[in-house]
Amino acid sequence: MPDKGQPPLTAQTQRSGGPIDPVQAALDFESADLSFDVFPERQLLVGTAILVFKTRAPLDRLLIDLDRNLPVSAISIDGAPLKPAAWSNPEGRLTIRLPVPLAPGQRVTARISYAGTPHVAANPPWDDGMVWTKTRDGKPWVATTAEGYGCDLFWPCLDFPTGEPGVVDLHITVPKGLSAPSNGVLLGVDRTSGGRSTWHWRVKHPNTYGIALAVGPYEVISGSYKSRFGNSIPMFYWYLPGEHDKAARLFAEFAPTLDFFESMIGPYPFGDEKVGVVETPHLGMEHQTINAYGNGYAKAIEGFDWLFEHEFAHEWFANQLTAANWDDYWLHEGFAQYMQPLYGRWREGAARYATMMDAQRGKIVNRAPLVSGAVRSEEDVYENDRGGPGADIYYKGSWTLHTLRWLIGDAAFFDATRRLVYGRPDPKPGNFRPRYGSTAEFEAIVAAVTGKDYRWFFDVYIRNAALPELEAVRHPGGVSLRWTAPGPFPMPIEIQIGEQLIRVAMTDGAGEVAVPDGAHVVIDPMARVLKRSIAVEEMHAAQRAGG
């Protein structure tokens, strides 16, 4: 196993998602009450988790994911303490033998006390774990990131996408002078002995990896946004001291970005909680209602902060819509990546959109299909050396959506997207809740919205690695066009002849266009269609060779 930081992780803890154990699949995770006592100077985390499950099948034990670097000191079931012999955790899956077997439909409450040195991220956020560092003036600055290895790095959980608890209370106790912004709604801050404070948050239906700790000497900017749907949404940005002007400029991006998403996709999913962002010592992560931001207020030609916009997109594409299987991970990252050029288009027009799409095109590598058809872990998908599509879930996912939008038109594309995200065509505040989705569902929605079967599109772009190749042969009087793709591919294509733009139907994957002698021809002049590019392949080969 490659070095992922210390203390080392077992293979069980490093894996998030994948096939679900039948015992865990029999649990409906109703609620979690989590207490974290954070000791930055000792790099120590002391935790208590009160977990409530409802059973779907007879059970004589509980299987709960928890990194063995956080040894368990006590467990009780429905208020009755267990003897240490009743539980074990050799590999990171805590097994608790129940004192009385459970029948289907019963509830059980497990209280688990644990403490230890959490795994430290080697390269956050791409490698997960705890980040212990200090601010410029020497104050503790702590953050977590858990998307790849999962929630079990910090708290006892069901470490797969459909293991979301219905509601989570967080009680985060930190040293004097530090704040602990987290998920959901702040219910109160209590002062404890020695000047420590406990921050109490409550969040509904959180993404399993979205529960986050962020501890630092934060200052905060707050405001309220009046949504185009009529509700008022509180907004907060927690930032380090000495950065007020930069922080204020970033906070000024919140409202227009929120308006863009609400106008293009639909209501902000967590308007009854908050829009929350916190500055972190790692680049960023889509922690539900408390997105991590570590882009250093970088300036870019687009005129907006790409990191903030990308992570904010995940409130719709990851937190509201969650892939039930990591194999459909591109639904998170492809949509989030595509929202950036769409935002550029919304702000400045077609030129900005085209420029941003072109920047993404050169990053597509096509080593593996976006979707394998198997139940996979996060790392199986995210890492190329494990056979996954890797960064293609971002850039190829984005370009696939770009091509689909042109193919079916804006009205159908955004209708299908809205139905995928909310499970309905008419979302309004209060009439939807977070949901699970899949590539197969998205394909079915596109077919229902358009009245056409687009399996050929999803087969080529999603279920195959190689891109379709367009052959164009110029001959006296015209141009012959033909697609080479794995299976039928009736993708239309635009061709510019002089100043005239023609859309060629390409029925059965081929087409013919009359061209006057001497006329200049440009195929796909607006780069509407994702297809093989020899130039991109040669560029990648040169980069690998160091040329």
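Just a few scattered comments:
- Test: residue in the range 348-359 that is polar (S, T, N, Q), over 19 Å from L401 (Cβ atoms) and either crowded, with 22+ Cβ neighbours inside 10 Å or over 18 Å from the mean Cα position of the chain (by Cα) (or both): no
- When W238 is tested against (1) in a helix (DSSP H, G or I); (2) out of contact with any Lys or Arg (no Cβ under 9 Å at 6 or more places or on another chain), exactly one condition is not met: (1).
- Scanning the range 374-396 for residues that are within 18 Å of P341 (Cβ to Cβ), open to solvent by less than 20 Å² (accessible area, probe 1.4 Å) and touching an Asp or Glu at 6+ places or on another chain (Cβ under 6 Å) yields a single hit, I393.
- Taking the criterion of being open to solvent by 50 Å² or more (accessible area, probe 1.4 Å), touching a Ser or Thr at 6+ places or on another chain (Cβ under 9 Å), touching a residue at least 40 places away in the same chain (Cβ under 8 Å) and over 30 Å from P165 (Cβ atoms), the residues of the range 436-471 that qualify are R463, E469.
- The set of residues from the range 289-310 being crowded, with 24+ Cβ neighbours inside 10 Å and within 10 Å of the chain's Cα centre (by Cα) is empty.
- When each of L481, L501 is tested for being open to solvent by 80 Å² or more (accessible area, probe 1.4 Å), within 23 Å of R361 (Cβ to Cβ), assigned to a strand (DSSP E or B) and touching a residue at least 24 places away in the same chain (Cβ under 8 Å), the lone residue that passes is L501.
- From the list S182, S197, the lone residue that is within 21 Å of H282 (Cβ to Cβ) and open to solvent by less than 20 Å² (accessible area, probe 1.4 Å) is S182.
- Conditions (1) open to solvent by 10 Å² or more (accessible area, probe 1.4 Å); (2) outside any loop (DSSP other than H, G, I, E, B); (3) closer than 29 Å to L187 by Cβ: number failed by P281: (2)
- Qualifying residue in the range 127-136 (condition: open to solvent by 20 Å² or more (accessible area, probe 1.4 Å), over 18 Å from the mean Cα position of the chain (by Cα) and of a type in the set (S, T, Y)): yes
- Residues in the range 1-39 that are in a helix (DSSP H, G or I) and buried (at least 19 other Cβ atoms within 10 Å of the Cβ): 3 in all.
- The condition (being free of Cβ contacts under 8 Å to residues at least 60 places away in the same chain, touching a strand residue (DSSP E or B) at 6+ places or on another chain (Cβ under 9 Å) and under 19 Å from M130 (Cα atoms)) is satisfied by just one residue among V72, V100: V72.
Here is a yes/no grid of residues against (1) open to solvent by less than 50 Å² (accessible area, probe 1.4 Å); (2) under 21 Å from T55 (Cα atoms); (3) in a strand (DSSP E or B):
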position: L98; (1), (2), (3): yes, yes, yes
position: P101; (1), (2), (3): no, yes, yes
position: V108; (1), (2), (3): yes, yes, yes
position: P125; (1), (2), (3): yes, no, no
position: Y149; (1), (2), (3): yes, no, no
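- Every pair of residues 6+ apart whose Cβ atoms lie under 9 Å, when the first sits in the range 153-170 and is β-branched (V, I, T) while the second is assigned to a helix (DSSP H, G or I) and surrounded by fewer than 24 Cβ atoms within 10 Å (Cβ to Cβ): T162/A25
- Odd one out for A485 among (1) in contact with a Gly (Cβ under 8 Å, 6 or more places away or on another chain); (2) farther than 26 Å from R376 by Cβ: (2)
The values are calculated or read from the model by the stated rules, or taken from the named source; none is laboratory data. Just so we're clear, the structure is a prediction, and the values are computed from it rather than from any experiment. Note that each Cβ is placed from the backbone with ideal geometry, even for glycine, and that neighbours are counted across all protein chains shown. Quick note on the areas: whole protein, heavy atoms, side chains included, nothing else; ligands and nucleic acids left out. Shrake-Rupley method; radii C 1.70, N 1.55, O 1.52, S 1.80 Å.
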